[in-house]
Amino acid sequence: MKIAFVGKGGSGKTTLASLFIRHLTANEAPVIAVDADINQHLGAALGLDEEQTAALPAMGAHLPLIKEYLRGTNQRITSADSMIKTTPPGEGSRLLRVRESNPVYEACARTVRLDDGDIDLMATGPFTESDLGVACYHSKVGAVELFLNHLIDGPDEYVVVDMTAGSDSFASGMFTRFDMTFLVVEPTRKGVSVYRQYKEYARDFGIALNVVGNKVQAQDDVDFLQDEVGDDLLVTVGHSNWVRSMEKGRPAPFELLEAENRVALQVLEDAAEDSYANRDWERYTRQMVHFHLRNAESWGNAKTGGDLAAQVDPAFVLREDAAVPQPS
């Protein structure tokens, strides 16, 4: 299952993503966590110190390796350099599984030990001095999009992505890559305005969107969210002394997280599992191709000097039973 956490900056999306990851691990689910926000906070929320967080390999820095590996023997892709962030897989492309060893994971993933098991953590990488005034950060996030485009995941395994804050999550087709998107909303007018933006973006693409009300202090906050977002409100989360201790660098065992917050996390997991019944690989592939063609026409062809529409394999549909070519 591919799960996204989105929301405006400061809404608590990273904290909730980290709690959900811990909850899944406690339930013995295999998890790949991806920090797709340029403001890299997911590692710290999962208990890494500053040095460990800084040492995480940047997916953006390994983009040539990622492209070369995923290209495989796909004859429609003339070179790894011709691949852009939206390039879809086709016959001969190498596909990724959650539970496997491959050069992409070896280069970009690091194991993080939590109270109840291990997860693999991947990160886009932060801005560097060379990026300032030169490169758009979407080129870094593009490594995540390529990863998701070539990923095959099943119902009992999770890829949890902490997305870029605000409406930038919709700056490319990556927002269509998920089985479930959890939108973290505070009970404020600004929080609700972000919800309305997301709702508008998601409507035309059949995005499964659920609102998680965060920083809820009283019933009046719940009532406000229910009035403003209606049936999209899945669950609310209030103050957590456990989270406060974690943010001070004094984490307690995860089993001591407040009972009401454990219940809320289970609601998220149940919603994610229920969404699997609506998974449509053909639609998923169509949307992948749709955004690739848009990107090719708007900038990709000019950047690479080729016709990137030719990279589309019209007979290919990404499926769970797709064969995964391995390196020779």
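Here's the picture: a label point sits 7 Å out from the Cα of Arg113 along the beta-carbon direction, and within the stretch 241-259 the residues with their amide nitrogen under 20 Å of it are 246, 249-256.
Note on the chain: helix-only mean residue ellipticity at 222 nm, from DSSP H runs of 4+ residues weighted -39500 (n - 2.57) and normalised by residue number, equals -10500 deg cm²/dmol.
Viscosity 1.567 mPa s, temperature 4 °C: give me the Stokes-Einstein translational D for the stretch 1-42 in µm²/s, with Rh taken as the Kirkwood radius over C-alpha pairs. Each step should come with its number before you reach the end.
On the way: Rh = 11.0 Å.
Estimated diffusion coefficient is 118 µm²/s.
In a shell of Cβ-Cβ distance under 13 Å around Met180, excluding Met180 itself, what net charge do Lys and Arg (+1) and Asp and Glu (-1) give? Present the calculation step by step, with values, prior to reporting the outcome.
On the way: positive: Lys2, Arg177, Arg279; negative: Asp153, Asp179, Asp232, Glu269, Asp270, Glu273, Asp274.
Here the count lands on -4.
Percent relative contact order of the stretch 195-328, based on C-alpha pairs within less than 8 angstrom and at least six residues apart? Computed value for the stretch 195-328: 16 percent relative contact order. Computed from the Cα positions only, the extents of the stretch 1-124 along the three principal axes stand at 44, 30, 27 Å, in decreasing order.
Within the accessible area of the stretch 16-123, the carbon and sulfur atoms contribute 44%, probe 1.4 Å, all protein chains present. Rg and Dmax of the chain, both derived from C-alpha coordinates alone, stand at 19.4, 61 Å.
A Förster radius of 45 Å, combined with the Cβ-Cβ distance separating Ser79 from Gln219, puts the computed FRET efficiency at roughly 0.15.
Solvent-accessible surface of the chain, taken per residue with a 1.4 Å probe and all protein chains present: 45 Å².
With the simple model of a label 7 Å out from the Cα in the direction of the Cβ, Asn27 to Asp232 spans 2.4 nm.
Between Trp281 and Glu258, full extension at 0.36 nm per residue minus the direct alpha carbon distance yields a gain of 4.5 nm.
Between Asp274 and Ala309, the FRET efficiency from the beta-carbon distance, with R0 = 30 Å, is close to 0.25.
Over the stretch 155-246, how many percent of alpha carbon pairs lie in each 5 Å bin up to the one with the longest distance? Using 5 Å bins, I get a P(r) of 3, 12, 23, 22, 19, 14, 7, 1, 0 for the stretch 155-246.
When Rg and the Kirkwood Rh are both derived from Cα coordinates, the Rg/Rh ratio for the stretch 234-328 amounts to 1.22.
Report the charge-dipole magnitude of the chain in Debye, nearest 20, computed about the Cα centre from +1 at each Lys and Arg Cβ and -1 at each Asp and Glu Cβ.
Numbers: 31 positive and 49 negative charges, 185 e Å.
So the dipole magnitude of the chain works out to roughly 880 debye.
Counting only protein heavy atoms and a probe of 1.4 Å, the accessible surface of the stretch 193-328 is 47% carbon and sulfur.
Between Ala61, Asn39, Ser275, the Cα set farthest toward the positive side of the dipole of the chain (charges on each charged residue's Cβ, about the Cα centre) is that of Ala61. Net length available on complete extension from Arg189 to Lys248 is 18.3 nm, with 0.36 nm assigned per residue and the Cα-Cα distance removed.
Scanning the chain for trypsin sites (Lys or Arg not before Pro) in DSSP loops with at most 16 neighbouring Cβ atoms within 10 Å leaves 100-247 as the longest stretch between them. Counting only Cβ charges, +1 for Lys and Arg and -1 for Asp and Glu, the dipole size of the stretch 190-328 around its Cα centre is about 680 debye.
Could you pull out every whole DSSP H run in the chain that spans at least 27 Å of Cα extent along its own axis and averages -0.5 or higher on the Kyte-Doolittle scale?
Details: long enough: none.
Going by DSSP H runs, there are no hits.
The values are calculated or read from the model by the stated rules, or taken from the named source; none is laboratory data. Fair warning: this is a prediction, and the values are worked out from it, not measured in the lab. Glycine gets a Cβ as well: all are built from the backbone with ideal geometry, and neighbour counts include every protein chain shown. In case anyone asks, the SASA skips ligands and DNA or RNA and just uses the protein heavy atoms, side chains included. Shrake-Rupley method; radii C 1.70, N 1.55, O 1.52, S 1.80 Å.
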